[in-house]
Amino acid sequence: QEINSKRTLDKLSLLVAARTPVIRDGKEESISAKSLVLDDIIRLKTGDQVAADCLVREGYLEVNESLLTGESGTVKKREGDFLYSGSFVISGSAVAQVDRVGEESYANRISTDAKTAKKRPSELKLSINRILRIVSIIVVPTGVLMLVRQGVLGMEYAENISRTVASMIGMIPEGLFLLASMSLATSAVILAYQKTLVQDLYSIETLAHVDVLCLDKTGTITEGAMQVEELIPVDKSVDALKALARLAGAISDDNATISAMREYAGSIAPAGAVKEIPFSSARKYSGVSFAEDGTYIMGAFEFVFAGREGQFPGLKKIADAYADQGSRVLVLAHSESAPAEMEVPKDAHPVCLIRIADRIRKEAPETLEYFYSQDVDIKVISGDNPKTVSYIAQRAGVKHADKFIDAAALKTDEDIARAVKNYNVFGRVSPDQKKKMIAALKEAGHTVAMTGDGVNDVLALKEADCSVAMASGSAAAKNISTLVLLDSNFSRMPGVVAQGRKVINNLRRVATLFITKTIYSVLLALFSLVLFAGGYPFSTLQLTMISFVTIGFPAFFLALEPNNARVKGSFLVDVFARSLPGGLCVLISVLIINAASTFIPYTVAEISTMSVVLAVAAGMVVVGRVSMPFTRFRMIIFAASLGIFVLCMTMFRGFFEISPLQWHQWLIIGGIIALMPVIMRFVARAVEAIAARYEKKHGKRPVPFSGDLIEDGREFLQGKWQQAAKNFQHNFPHKKQ
């Protein structure tokens, strides 16, 4: 998976492989973008992509930089202005001088940063690797010492090998990594049926931990299309809706604005249309002249009524008020005269104001509400005008969206860190600033997810702990993201979170079973080296039975159960806190059996069989604890596990080397089993007390196997032991401790 990811990143490019007209030695020729050098003179015209950073030397251009900045509007470029590589020429023509090429160009800097493979942290993966790393350090020397020790005790060679191998295998949670991978892979298949492509298995887990979700406006909250929100009549003698429908039907433009008009008002067949004024970025209006109904003009107020704004002061005030709120406001004007030279007739008067805005995805408010209910903070980061972003965020249901900031005012990393703490809406954010905002949130201790669809989101998507792209977005965004919503439906996100929670919560359950066995196997191996006269208590076949009954069989079914509970705390800390009581319980039980064997002559086979029964009993208590609350399905799994154990003890006792036990031995086993809940409860409370002591002392949650935690645990237990000794001496002053 990592190799495929690297290959995909290597193919990333923001520049298409088009050829560029260049003037060299007074001659014009066409060369590839890679062949451009500094100070080359290139020609640009409508439809071209700028292949290198350059300066306009002659001419005028209108370019679209949304691929790089996320800002949707066109940008005018005149002589002396800078052109970013990767931007597209919308209109005009110019001669430009190359200023930066290759890896130094703006587009290639983004590409290069995005191509650098980055491994996102996975708590699950790191926790399992930490366990395996520690066990691998212990297992080999312990196995060698076990082989020597049991040989000294006079154990037969075959029996010695069997029990040594059992001690080594028991320490390794062999099925945990496999079960984790299987659970994640199963979730990836389920999500694929839900139109979500998983490109990194561990992203499912990461999304379950997310507490900050950063959204790009376009393509995530909005559909990327416009809609008419309101028609505000001015001249009530004219049917504004019908006039708008006639204009929409007659005009040949097919941009987002006209599409919104047609959807809102419909379109009337262009009967009687005699002249059209096509839209131009320079004019900022378009119109149609009809033979019997005059001329209708639609565009920005200040361009349609250029030089005449003072004639309609109230209208200008209304338009400005809506614009300040983040809406885009156009005016529909009518004139009885025909236009001359594409100009607005002087007698044109306003018919209505048209308030348009980006169309909010229908599912966005409900999805955002879901994340808020899960204590996930929402931040909207966009390259658009901050007022527009704020207005759209408010409509979508983002909390405190009325407070916004223009990222152009954020000059330092410290400014960005303060801003992400105090604001939820950001406008005019550059790609590099998006990345720094994600980094600042991570630095503050948050687990951050980022959604986006444009190239300007690539750096932020890569920086985030979990990145989600829309299928309708750019190839660069999809390639860099860990999850892709194949139908670009934002409402898929809660389903992905639910899958992540199911995987993590269920893996915490089943990991408890695996680590319980690891704990008592390590401890029993160490005690066998110095205390147990019969060597390690389990043979290979007996350990296989114990593992299947208490781990393999129940874990398989528990790992696939639905579980939407919120993920809290550390995976490793939580698993060890649950596993330690069961592991120590098995150790204490086997110690009691070995201690009893010094007074009652038990054979090695009897000690082994009693230890097997007690290990299974403690394991089933752990299974019961992780299965709470019991459902009918869990009760069936629990009963089936016990049934398999009884079957092995009766029908296959010879195969599993089970020795017959006497009644008094079963009595001892029953007494120990009765004490197991008490032992586990005592150990669980001790673990909680040590963890609380550690957190109070160090101001953070403990990490298993850390030196500080071991030292704190030793001090805690030593203090309890000294207190118990004082109480004994106080109550029995004439007895020795």
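Where a number appears in this text, it was derived from the coordinates with a stated rule and is not lab data. Everything numeric in this text was worked out from a predicted model, so none of it was measured. Methodologically, a virtual Cβ is constructed for each residue, glycine included, from the backbone with ideal geometry; neighbour enumeration extends over all protein chains shown.
Our coupling estimate for the range 418-433, obtained by passing each phi through the Karplus curve with A = 6.51, B = -1.76, C = 1.60 and θ = phi - 60°, is 5, 5, 5, 7, 9, 10, 10, 10, 10, x, 6, 8, 7, x, 5, 5 Hz, Gly and Pro reported as x.
Can you bin the range 540-678 into rounded, prolate or oblate? Criterion: square roots of the alpha carbon gyration tensor eigenvalues sorted a ≥ b ≥ c, rounded for a/c under 1.5, prolate for a/b above b/c, oblate for the rest. Since a/c reaches 1.5 and a/b is larger than b/c, the shape of the range 540-678 is classed as prolate. 3J(HN,Hα) couplings calculated from phi for the range 123-138 with the Karplus curve 6.51 cos²θ - 1.76 cosθ + 1.60 (θ = phi - 60°) are, in sequence order, 4, 4, 5, 5, 5, 5, 5, 5, 4, 5, 5, 5, 5, 5, 6, 7 Hz; Gly and Pro show x.
Derived scalar couplings between HN and Hα for the range 306-313 equal 4, x, 10, 4, x, 6, 10, x Hz in order, rounded to whole Hz, by the Karplus curve 6.51 cos²θ - 1.76 cosθ + 1.60 (θ = phi - 60°), x for Gly and Pro.
A simple spin-label model places the labels of residue 598 and residue 317 9.9 nm from each other, with each point 7 Å out along Cα-to-Cβ. Considering amide H positions built from the backbone, and no H for Pro or chain starts, which residues 5 or more places from residue 196, or on another chain, come under 5 Å of its amide H? Those qualifying (amide H under 5 Å, at least 5 residues apart or on another chain) are 486.
The overall shape of the range 247-383 is prolate: from the C-alpha gyration tensor, with semi-axes ordered a ≥ b ≥ c, the ratio a/c is 1.5 or greater and a/b exceeds b/c. Packing, as the average of other Cβ atoms within 10 Å across residues, places the peptides 317-324, 55-62 in the order 55-62, 317-324, highest first.
Here the peptides 381-393, 285-297, 477-489, 185-197 are ranked by packing, the mean other Cβ count within 10 Å, and the order with the highest first is 381-393, 477-489, 285-297, 185-197.
When the range 321-424 is described by a simple charge dipole with +1 on each Lys and Arg Cβ and -1 on each Asp and Glu Cβ, the residue from 409, 327, 365 located farthest towards its positive end is 365. Residues whose amide H lies under 5 Å from that of residue 295, counting only those 5 or more places away or on a different chain, are 290, 335, 336, 337; hydrogens are built 1.01 Å from N in the peptide plane. Proximity of backbone amide H atoms, modeled 1.01 Å from N, is registered between residue 212 and 377, 447, 449 at under 5 Å, excluding neighbours fewer than 5 places apart on the same chain.
In what order do 349, 446, 664 fall by count of nearby beta-carbon atoms within 10 Å, going from fewest to most?
Listing 349, 446, 664 from fewest to most nearby Cβ atoms yields 664, 349, 446.
In this label model, residue 25 and residue 133 are separated by 6.1 nm, measuring between points 7 Å along each Cα→Cβ vector. Towards the positive end of the charge dipole of the chain, with charges on Cβ (+1 Lys, Arg; -1 Asp, Glu), say which of 605, 210, 639 has the farthest Cα. Value computed over the given set: 605.
Per DSSP H run of n ≥ 4, the term is -39500 (n - 2.57); total these for the chain, divide by its residue number, and report the mean residue ellipticity at 222 nm rounded to 500 deg cm²/dmol.
Estimated from H runs of four or more residues: -16500 deg cm²/dmol.
The simple Förster model, with R0 at 22 Å and r as the Cβ-Cβ distance, assigns residue 156 and residue 653 a FRET efficiency of 0.60. Charges were assigned to the Cβ only: +1 to each Lys and Arg, -1 to each Asp and Glu. The resulting dipole of the chain about its Cα centre is roughly 3240 debye.
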